[in-house]
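Structure record follows, encoded as structure tokens.
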Amino acid sequence: AQSVTQLDSHVSVSEGTPVLLRCNYSSSYSPSLFWYVQHPNKGLQLLLKYTSAATLVKGINGFEAEFKKSETSFHLTKPSAHMSDAAEYFCVVSDPQGAQKLVFGQGTRLTINP
Amino acid sequence: SQTIHQWPATLVQPVGSPLSLECTVEGTSNPNLYWYRQAAGRGLQLLFYSVGIGQISSEVPQNLSASRPQDRQFILSSKKLLLSDSGFYLCAWNRVAETQYFGPGTRLLVL
């Protein structure tokens with residue numbers, strides 16, 4: 001069975017400082033991994049995805065994530081936080097079988113301080 | 001390009017009343033379709049998925065049901081709502097082995 005653990009339920013940073021959102025996964029297969037962002041009362045938007053190509057994945061809005069198989073991690077980073085980055089972030093692993101069911105982490109709420 | 005629609009955007013219903021939430025996808029054919037629920041302060045839980053018309057798989061036992069009467073239409077229903085059915089319901093689609101894309105969601109409050 002696949003699972004995802006987001007290590008922080010809430011992260012707070014100042015505008016202009018780096019962002020680090022941590023994610024560890026467990027998978028019996030070669031996983032596909034995703035980060036989605038959800039702004040308040042909105043649907044989910046894909047930030048980036050890893051599908052066994054380059055281990056450093058660049059996404060939208062300056063975010064990137066690095067797949068580290070030895071550490072079973074897929075942490076999300078951004079060099080400089082912007083106020084508009086305040087949102088809920090979900091790390092997700094996919095089940096490659098059948099209808100590609102997604103398994104979500106519990107989410108990390110990112111707060112940006114002015 | 002493909003788009004996914006959900007309606008209504010917000011719904012307030014009394015306990016025991018029926019429910020029907022609709023999801024439609026444009027710009028693609030034979031998509032996989034998914035219903036998720038997000039309870040307050042929690043991650044998303046997969047409720048149902050469908051790989052074709054009339055084909056529904058349920059992930060968790062619950063008070064809800066799903067139907068796919070047309071290729072690009074996915075409906076979430078209940079005959080009698082419970083308080084615990086409150087939450088944010090998200091529909092998603094993809095093609096096999098590709099990224100899932102989510103709709104704007106429906107916020108359901110059962111009183």
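The values are calculated or read from the model by the stated rules, or taken from the named source; none is laboratory data. Please read these numbers as outputs of a predicted model, since none were measured by experiment. No Cβ is skipped: glycine too gets one built from the backbone with ideal geometry, and neighbour counts run over all protein chains shown. For accessibility, only protein heavy atoms count, side chains too; no ligands or nucleic acids. Shrake-Rupley method; radii C 1.70, N 1.55, O 1.52, S 1.80 Å.
Inspect segment A:103-114 for any residue being under 23 Å from B:Y49 (Cβ atoms), at pLDDT 95 or above and within 14 Å of another protein chain (Cβ to nearest Cβ) and give the result as yes or no. Explain how you work it out, then say what you get.
From segment A:103-114, those under 23 Å from B:Y49 (Cβ atoms) are A:103-107; that's our starting set.
If we keep only those that are at pLDDT 95 or above as well, we get none.
No - not one qualifying residue is present in segment A:103-114.
Of the candidates A:L20, A:L33, the single residue that is aliphatic (A, V, I, L, M) and either in contact with a Gly (Cβ under 7 Å, 6 or more places away or on another chain) or within 14 Å of chain B (Cβ to nearest Cβ) (or both) is A:L33.
Number of residues in segment B:76-111 that are under 22 Å from A:V103 (Cα atoms) and among the basic types (K, R) equals 2.
Of all residues in segment A:61-85, which are of a type in the set (S, T, N, Q), without any contact (Cβ under 8 Å) to a residue 40 or more places away in the chain and within 20 Å of A:E15 (Cα to Cα)?
Residues of segment A:61-85 that are of a type in the set (S, T, N, Q), as a first pass: A:61, A:70, A:72-73, A:77, A:80, A:84.
When the remaining residues are screened for being without any contact (Cβ under 8 Å) to a residue 40 or more places away in the chain, the result is A:61, A:70, A:84.
If the condition is that a residue be of a type in the set (S, T, N, Q), without any contact (Cβ under 8 Å) to a residue 40 or more places away in the chain and within 20 Å of A:E15 (Cα to Cα), then A:N61, A:S84 are the ones that fit.
Being facing chain A (nearest Cβ under 8 Å) and open to solvent by less than 50 Å² (accessible area, probe 1.4 Å) holds for only one residue in B:S67, B:S77, B:S57, and it is B:S57.
Listed by first and then second residue, the pairs with beta-carbon distance under 7 Å, at least 6 apart or on different chains, first residue in segment A:45-60 and under 14 Å from A:S30 (Cα atoms), second open to solvent by 60 Å² or more (accessible area, probe 1.4 Å), are A:S52/A:S30; A:T55/A:E66.
Pairs linking a residue in segment B:38-50 that is on the phi > 0 side of the Ramachandran plot to a residue that is modelled with pLDDT of 90 or more and not in a strand (DSSP E or B), with Cβ atoms under 9 Å and 6 or more positions apart or on different chains, are B:G41/A:S9; B:G41/A:Q106; B:G41/A:G107. Can you name every residue in segment B:4-31 that is open to solvent by less than 60 Å² (accessible area, probe 1.4 Å), more than 10 Å from chain A (Cβ to nearest Cβ) and in a strand (DSSP E or B)? Within segment B:4-31, B:L11, B:Q13, B:L19, B:L21, B:E22, B:C23, B:T24, B:V25 qualify.
Which ranges mark the strands (runs of 3 or more DSSP E) fully within segment A:15-62 that have 2 or more residues being open to solvent by less than 70 Å² (accessible area, probe 1.4 Å)?
Working: elements: A:19-21, A:23-26, A:32-38, A:44-50, A:56-58.
Fully inside segment A:15-62 and qualifying: A:19-21, A:23-26, A:32-38, A:44-50.
When you look at A:E88, is it under 19 Å from A:L20 (Cβ atoms), in contact (Cβ under 8 Å) with a residue 40 or more places away in the chain and within 12 Å of chain B (Cβ to nearest Cβ), yes or no?
Numbers: under 19 Å from A:L20 (Cβ atoms): yes; in contact (Cβ under 8 Å) with a residue 40 or more places away in the chain: yes; within 12 Å of chain B (Cβ to nearest Cβ): yes.
Taking the combined requirement at face value, the residue satisfies it.
Restricting attention to segment B:32-55, the residues that are farther than 20 Å from A:Y36 by Cα and in a loop (DSSP other than H, G, I, E, B) add up to 2.
Taking segment B:80-111 as the search range and keeping residues that are of a type in the set (V, I, T) and in contact (Cβ under 8 Å) with a residue 40 or more places away in the chain, which one is surrounded by the fewest Cβ atoms within 10 Å (Cβ to Cβ)?
Applying the first criterion (of a type in the set (V, I, T)) to segment B:80-111 yields B:96, B:99, B:106, B:110.
Then drop every residue that is not in contact (Cβ under 8 Å) with a residue 40 or more places away in the chain, which leaves B:96, B:106, B:110.
Numbers: B:V96: 11, B:T106: 22, B:V110: 19.
So, considering only residues that are of a type in the set (V, I, T) and in contact (Cβ under 8 Å) with a residue 40 or more places away in the chain, the one surrounded by the fewest Cβ atoms within 10 Å (Cβ to Cβ) is B:V96.
Listed by first and then second residue, the pairs linking a residue in segment A:1-16 that is on the phi > 0 side of the Ramachandran plot to a residue that is surrounded by 15 or more Cβ atoms within 10 Å (Cβ to Cβ), with Cβ atoms under 7 Å apart and 6 or more places separating them unless they lie on different chains, are A:G16/A:A81.
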